[in-house]
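Student: First the structure, which I've put down as C-alpha cells, then a few questions once you've had a look.
Every number here is computed from the coordinates shown, using simple stated rules; none is lab data. No experiment lies behind these values; they were computed from the predicted model shown. Neighbour counts are summed over all protein chains in view; Cβ atoms, including those assigned to glycine, are modelled from backbone coordinates with ideal geometry.
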Amino acid sequence: MPGPIQSLERAAAILRLLAGGERRFGLSEVATTLGLAKGTAHGILRTLHQEGFVEQDAKSGKYQLGAELLRLSNSYLDVHELRARALVWADDLARAS
C-alpha cells in the first residue's frame, strides 16, 4: 500500500494546530511549531484559505480555523444522526427533571 501524501499530512497538522489553540497563529509561528519552511507553510495556508478551511485576520495577518470546517462537521453530525440523538436525550432529561 502506498504511503501517505506529505502535503495532506502537513495540511492536517496545520488544521490541528489551529484547532488546539485559543488564539490565532502567524505564519512564522505555524512554520516554526511544525518544523516547516515558511514557504511551505504559506503555500498550505494559502490553499486552506482559498478553500475556506482557514481565515486570515486582515489586520494582524494571523490565521484561525474557517467556516468551511463547520460545514464539514455539520455533515458528519447529520450522517451519524448525532443531533437527533442528542435532542431525544435532552428531551428525556428535561422530562426527568
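Student: Neighbouring Cβ atoms within 10 Å as the yardstick, rank 16, 10 fewest first.
Tutor: 16, 10
Student: Turning to a different aspect of this structure: With no solvent and one equal point scatterer per Cα, compute the Debye intensity ratio I(q)/I(0) for the range 1-65 at 0.16, 0.25, 0.29, 0.30 Å⁻¹ and report its log10, rounded to two decimals.
Tutor: Evaluating at q = 0.16, 0.25, 0.29, 0.30 Å⁻¹ gives log10 I(q)/I(0) of -0.47, -1.11, -1.47, -1.56.
Student: Continuing with the same structure: Helix 82-96 versus the longest principal axis of the chain: what is the Cα-based angle in degrees, 0 to 90, to the nearest 10?
Tutor: Compared with the principal axis, the helix lies near 40 degrees.
Student: How far, in degrees from 0 to 90, does helix 38-50 lean away from the longest principal axis of the Cα atoms of the chain, to the nearest 10?
Tutor: Compared with the principal axis, the helix lies near 40 degrees.
Student: With Cβ to Cβ distances under 15 Å as the rule, what net charge do the other residues near residue 4 carry (K, R +1; D, E -1)?
Tutor: Once positives and negatives cancel, what remains is +1.
Student: Using DSSP to define loop residues, name the GluC sites (Glu not before Pro) in the range 17-97 whose beta-carbon has at most 16 other beta-carbon atoms within 10 Å.
Tutor: 22, 51, 81
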